[in-house]
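Worksheet: one structure, shown below.
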Amino acid sequence: MSAERLTMVLTGASRGIGHATVKRFSEEGWRIITCSRETVPEECKRDPNWTHHITADLSDAADADRFIAEANGIIGEGALQALINNAAVSPKTSFKERLGILNGDVDAWRDVFELNFFAPLKLARGFAKALHRGQGSIVNITSIAGHAIHPFASSAYSTSKAALSALTRELAVEFASLGVRVNAVAPGEIETGMIGPEYEALIPRIPMHRMGRPEEVAAAVYRLCTADFAYVTGTEIFVTGGQHLY
């Protein structure tokens, strides 16, 4: 493996946007280190660039620390060019009711924030030295739900994503001194396993009149990690088909 090969770390890799992002970076020849609660699907194990997958639950503080330690062990004294904080959870009721303020369990809120907000914070700190060596980028996956009330996303999810947007700005200022850029990508309605039939009702509110594809989010994430965006930090890109304009 050449010393010039670029390395990325991505969380929440086993499906949806995370899986599509891994595929995009792999197509570009990056070395890929990932984690998720599940093991990597068999077909992905044949990807020669997907070199390491660590099964970890980042909502558990000890597991998050273990993942950071293991990934840093793989990187060693080398450099990290990209950290993609994608892992997230959005609790749902069993009968499709939106979990709001009054009907949401407070302990569940803590669990949501642990994964959606505190894990990205911990990983940014944990990989800061490797990112500095690589003059790399952090991309946080936020959400359109962090900017407006969403009919299906829980209040805990929405507020955690709003907090992650704010954290992105704070990280951008602080990490600039390390030569590390920090941005966010806010997806709208993307065709993943999280989308149910009820989401079809939202399409009329999307100016482009369709849902997005995971590959379209992955493309935005990838470009933010390239020299094309070398002077961009603290920015949140909406991949929503224009839905966020309403």
remark   = Checked 240, 226 against criteria (surrounded by 15 or more Cβ atoms within 10 Å (Cβ to Cβ) and of a type in the set (Ser, Thr, Tyr)); the one match is 240
task = State all residues of region 115-155 that are within 16 Å of residue 89 (Cα to Cα) and small (Gly, Ala, Ser); if no residue qualifies, say none.
result = 119, 143, 145, 146, 153, 154, 155
key: Members of region 45-74 that are assigned to a helix (DSSP H, G or I) and surrounded by 19 or more Cβ atoms within 10 Å (Cβ to Cβ)   = 64, 67, 68, 71
task = State whether one or more residues within region 101-115 are closer than 18 Å to residue 10 by Cβ and of a type in the set (A, V, I, L, M, F, W, C).
result = yes
inquiry  = So for region 51-67 (the condition being touching a residue at least 24 places away in the same chain (Cβ under 8 Å) and of a type in the set (Ser, Thr, Tyr)), does at least one residue qualify?
reply    = yes
ask   = Within region 100-112, is even one residue assigned to a helix (DSSP H, G or I), loosely packed, with under 15 Cβ neighbours inside 10 Å and among the aliphatic types (A, V, I, L, M)?
value = yes
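Here is a yes/no grid of residues against (1) part of a helix (DSSP H, G or I); (2) within 19 Å of residue 56 (Cβ to Cβ); (3) aliphatic (A, V, I, L, M); (4) out of contact with any helix residue (DSSP H, G or I) (no Cβ under 7 Å at 6 or more places or on another chain):
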| position | (1), (2), (3), (4) |
| --- | --- |
| 94 | no, no, no, yes |
| 97 | no, no, no, yes |
| 118 | yes, yes, no, yes |
| 151 | no, no, no, yes |
| 165 | yes, no, no, no |
Residue that is nearest to residue 19 (Cα to Cα) [pool: residues in region 75-97 that are surrounded by fewer than 13 Cβ atoms within 10 Å (Cβ to Cβ) and at pLDDT 95 or above] = 76
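The values are calculated or read from the model by the stated rules, or taken from the named source; none is laboratory data. The shown structure was predicted, so the numbers you read here are calculated from the model rather than taken from an experiment. Please note: Cβ atoms are built from the backbone with ideal geometry, for glycine as well, and neighbour counts cover all protein chains shown.
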